[in-house]
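Encoded as structure tokens, the structure appears first; notes follow it.
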Amino acid sequence: MILNFLTTALRSLLRQKSYAIINLAGLSVGIASFLLIALYIQHETGFDKHLDKRDRLFRVVEIQNEPGVGEQHVAITMGPLAASLKADFPQVVDAVRIMPAFDIQVVNYEDKYFREKGLYYADPSIFNMFNIDMLQGNPKTALLEPMKVVLSEKTALKYFGSTDKALGKSMLLGKRSFIVSGIIKDQPAQTHLFYDMLVSMSSAESLPEFEWMKGWGSNSLITYVELDRPESRVNVEAGMVDFLKKHVFSEDDGWEYLEMYLQPMKDVYLDSGHIKFQNVTASGDKNLVIAFTVIAILILLVACVNFINISIARSVKRSREVGMRKVLGADRQSLVYQFISESFLLTLVAVVISVGFIELALPEMNKLLATDFHLDFTGNYLFNIGLIALLFIISLASGSYPAFYLSRFQPVRALNGGSGIKGGSAGYLSKGLVVFQFMISVGLMFSVLVINDQVRYIREKDMGITYRDAVFLNFGSGEDVQKFEPMRNEFLVDPRIKSVAGCSFLNGVSGSQGPVFVDDSAKTKLTVRFGYVDYDFFDAMGVSFAAGRNFDRNITSDKGGSVIINQAAARKLGWRNPVGKRFNSVMGADTSLKPEVIGVINDYHYFSLRSLIEPAVYVMNPERFRGVVIGLYSHTNQQEVMKFIEDIWHDHFPGTPFQPVLASEFASGNYKNEQKLFSLFIYFTSISVLLSLLGLFGLTSLLIEQKTKIIGIRRVLGGSVWRITAQLIRDYMILVVIAGLLALPLTYYLLEQQLNQFAYHIDISMFHMMYAVLSLTVIAFLTIVYKAHRAAKANPVESLKYE
Amino acid sequence: MIKTVNLTKIFRTDEVETTALNRVSFEIQKGEFVAIMGPSGCGKSTLLNILGLLDNPTEGEYYFLGKEVSKFSEKQRANTRKQNIGFVFQNFNLIDELNVYENVELPLIYLGMSSSDRKKRVESALEQMQITHRRKHFPLQLSGGQQQRVAVARAVVANPHLILADEPTGNLDSAHGEEVMNLLASLNQGGTTIIMVTHSQRDAEYAQRVIRLFDGQIINENIKSGRAELPVI
């Protein structure tokens, strides 16, 4: 019987090729898009799953609420925190501190010099807590003593050519010598914290520049804790207030407004958008994952609705077959089986085609997202089970309504070409489905327009700083600062180079935040971000002044005795005329100097547009420069001048790899990931718009085909073609308007929610809504005019015979 | 074999009520060939649909093979139908997506017959209707006469007790029409009961009895002479 069903299904598809193509194309594109998004979501939700104790591991997050920056969640903590948590809370089984080794710029063994990105200080407990496979060395002792380093297999190979030769060898990290005490297995790619080299935390503790680690005043380390059971989190968090009172608030110059909580390890990658200073190598965006999930479901829904619509619309053509099968003894059940198996067959074909589409699209998607997604039919069980489940769900979802609808036909009427179902339910259904299709189309079109404008806004917004025509070179070590001045002069010889300035980083600010105290009786305190820049930085980066002046070489007091603030700081401090005001002290500056505000720069975005511009204070303090920014004239051929810069660099710093950071790349890097994901989102949303338009076209065509008889009768009675067409258009436009009224408010609300995540975003305008509705109305209008006109123009005799 | 008592069928819409059959009572014996005649709209097809268990009467009783079936559910009707009744329609009603062989095979599939049995039965029916050479063809590739022969083959393949024919020659030219009528006559001679709705006096000649309907009522029932004696159940 199944064979008979499938034969009929296949031949029926082949006979109505155009609808089969609409159905198959729609369904396979829909499935392919759904599966591509599923691969992305599977990737995003699959982070840190290699950690056996994942459920019991937590990252300590602080909520700081100091005046100035306002409430902020940060994932960096104090040096003594880990040990104290372990000592004070019985639920804390273990704790580990991890800290990026920003102080080590270059790693050297024999003739090999590299800058390492995955270089961290860590406590020995990391091995046990993160179940790291140690291939050589003893996990208990490898990171116990100072000046020990553990390498990943990959890193050992890079420096020593073989993992066997590395253990016990000595290598230079910065200026100090470390002994390789272990080799660990390379980490899987899906980890929020990717480390290639682990240096014993005791090394840092033994060094004078890390003296601050011993106190509770500074934050710089990531602390993870392992609890006895996941539920203990509540108890530990409840005890935090007393814990902080005991250790932190008791300190004289410590924190005043501080809370702490434990963030589950499973949330660290995806759900950390609200956390600053994360020091992670990878972070995702939960909202984007949700948005993608919604769009994936919508795409599938649109594809299924298309399928259902076309099946029902075609049912009139198939009613004779249904009637005859009933006459010959088919009961409802066997007809339901028949139509579901038809839908299964079609879905199966669509799935096969969709796999082809996926194979075609994956290289592009991988290129865009810099990922390595691939279809794996043997290893990716979850995906394969999902694929099979999808096959059944789509078959049932799309097949069941037509199946039950068609099988209800009364045989006698069905043989005469009608449904025999009372009440004209199919008429209402068709209209309902048209409205639904339009709703989805309008909603999606609206979303595409708004998101597209937001992406463009971010791309084109004036950042207040010119991340263009400049390049940043990172110093290899602290001593390099001394050699900076002579190098600067050599650079400036070249006419293509506009300016050279030492600084914390390209964006002018450092990673550090801290309090500034105003020199007034109220002891006003403001938490600000510090920037260390020299005389030419603001010129080099095109940052303009709102008031006052820049640092001046000829004024000696500017070196540490003067500060420049941004407008945000002036606003927070309530200063209308900041120039001339004084602070009591500024981090890293001599407190006796009472630094004076000499200038106010216009606010510029030193981070992404997601966050507001925070108060910043700039100090001319060469000791804290981390590199040099070189401003170029805009017409300069960057490649040529780079060669010149590199030669000078190597003359001065022979052991430090030349790794320039281009300002343009840094700027786009801030949004690169976001931009790519938004582009992807727009692609997929456009696909679903196209799918729903395709469905609408198919459905309209079929519905108008069914009206052929009415059109014929009207024509016989003397109705004009245009009058008939106009009536059809009027009927449809009413549905379009209803759909618009239903879809717009809902979509508006959802889009507002998304946009509000950006500190800087566009406003949704009437234009977006009008454009969404109008563009779809025009498309629907043209479809109807084309189809209706064709039907109306046909010879009425033909139209009547057709029925 | 068939007995109806005061069979009535009323079609109701919101505003109009149409009595298609009005207290129709008659009997048909096993092996009879009965023609139902009358003008358009007199209720011929409605009667045939009720007799074929495609529709239920509004009132009255209908005994088929001794069982009162007028209140049967759709499932019961489908079951009784597939085991006992074959249909031949004016417009053939072959399924366009299935070839000749598959169309004829369909009733046997719904009877749940094994594939080897089906093969034998289909081959024999095709042979009987002399259409074996067209077995791989699709309905649209056949002439009207050939399509109706396929329809008859499909009607007889399950060896039904009763064949209902609704204007079987209505869409055929006279030569093909005669061919189909001869087929039905020979089936009747083989013992199959046949009830045929027709407009054609010529086709009615093949029947042993003609029931004449007018406005949903039987106005005349005549047994024709010169044909076989009526067998008695």
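The values are calculated or read from the model by the stated rules, or taken from the named source; none is laboratory data. Remember, predicted model here, so these are calculated numbers, not experimental data. Backbone-built Cβ (ideal geometry, glycine too); neighbour counts: all protein chains shown.
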Would you mention how many residues in the stretch A:613-628 are closer than 16 Å to A:Leu573 by Cβ and either free of Cβ contacts under 8 Å to residues at least 60 places away in the same chain or part of a loop (DSSP other than H, G, I, E, B) (or both)? 3
Among the helices (runs of 4 or more DSSP H) contained in the stretch A:299-415, which hold 3 or more residues that are surrounded by fewer than 18 Cβ atoms within 10 Å (Cβ to Cβ)? A:332-369, A:381-407
Identify, by number, the condition in (1) surrounded by 22 or more Cβ atoms within 10 Å (Cβ to Cβ); (2) without any contact (Cβ under 8 Å) to a residue 12 or more places away in the chain that A:Gly70 doesn't meet. (1)
Criterion (within 24 Å of A:Tyr337 (Cβ to Cβ) and away from chain A (no Cβ under 14 Å)) met by exactly one of B:Ser73, B:Ser124, B:Ser143, B:Ser116: B:Ser116
What is the residue count in the stretch A:1-43 for residues that are under 26 Å from the mean Cα position of the chain (by Cα), within 14 Å of A:Ala350 (Cα to Cα) and either within 13 Å of another protein chain (Cβ to nearest Cβ) or of a type in the set (Ser, Thr, Tyr) (or both)? 1
Among residues belonging to the stretch A:453-477 that are of a type in the set (S, T, N, Q) and crowded, with 17+ Cβ neighbours inside 10 Å, point out the one that is nearest to A:Ile645 (Cα to Cα). A:Asn474
Scan (1) touching a Gly at 6+ places or on another chain (Cβ under 7 Å); (2) of a type in the set (A, V, I, L, M, F, W, C); (3) within 14 Å of another protein chain (Cβ to nearest Cβ) for the single condition B:Val150 breaks and write down its number. (1)
Here are some residues: A:Ile98, A:Ile104. Which one is more than 14 Å from chain B (Cβ to nearest Cβ) and either of a type in the set (Ser, Thr, Tyr) or outside any loop (DSSP other than H, G, I, E, B) (or both)? A:Ile98
Going residue by residue through the stretch B:37-54, is there one that turns out to be within 19 Å of B:Gln208 (Cα to Cα), away from chain A (no Cβ under 14 Å) and touching a Phe, Trp or Tyr at 6+ places or on another chain (Cβ under 9 Å)? yes
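Okay, residues lined up against (1) out of contact with any strand residue (DSSP E or B) (no Cβ under 9 Å at 6 or more places or on another chain); (2) closer than 30 Å to A:Gly698 by Cα; (3) crowded, with 16+ Cβ neighbours inside 10 Å:
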| site | (1), (2), (3) |
| --- | --- |
| A:Lys17 | yes, yes, no |
| A:Glu44 | yes, no, yes |
| A:Phe47 | yes, no, yes |
| A:Leu51 | no, no, yes |
| A:Arg56 | no, no, yes |
Mind checking whether some residue in the stretch B:60-68 is at negative phi, within 13 Å of another protein chain (Cβ to nearest Cβ) and touching a residue at least 60 places away in the same chain (Cβ under 8 Å)? no
Looking at (1) farther than 24 Å from A:Gly329 by Cβ; (2) crowded, with 18+ Cβ neighbours inside 10 Å; (3) modelled with pLDDT of 90 or more, can you tell me which one B:Ala185 breaks? (2)
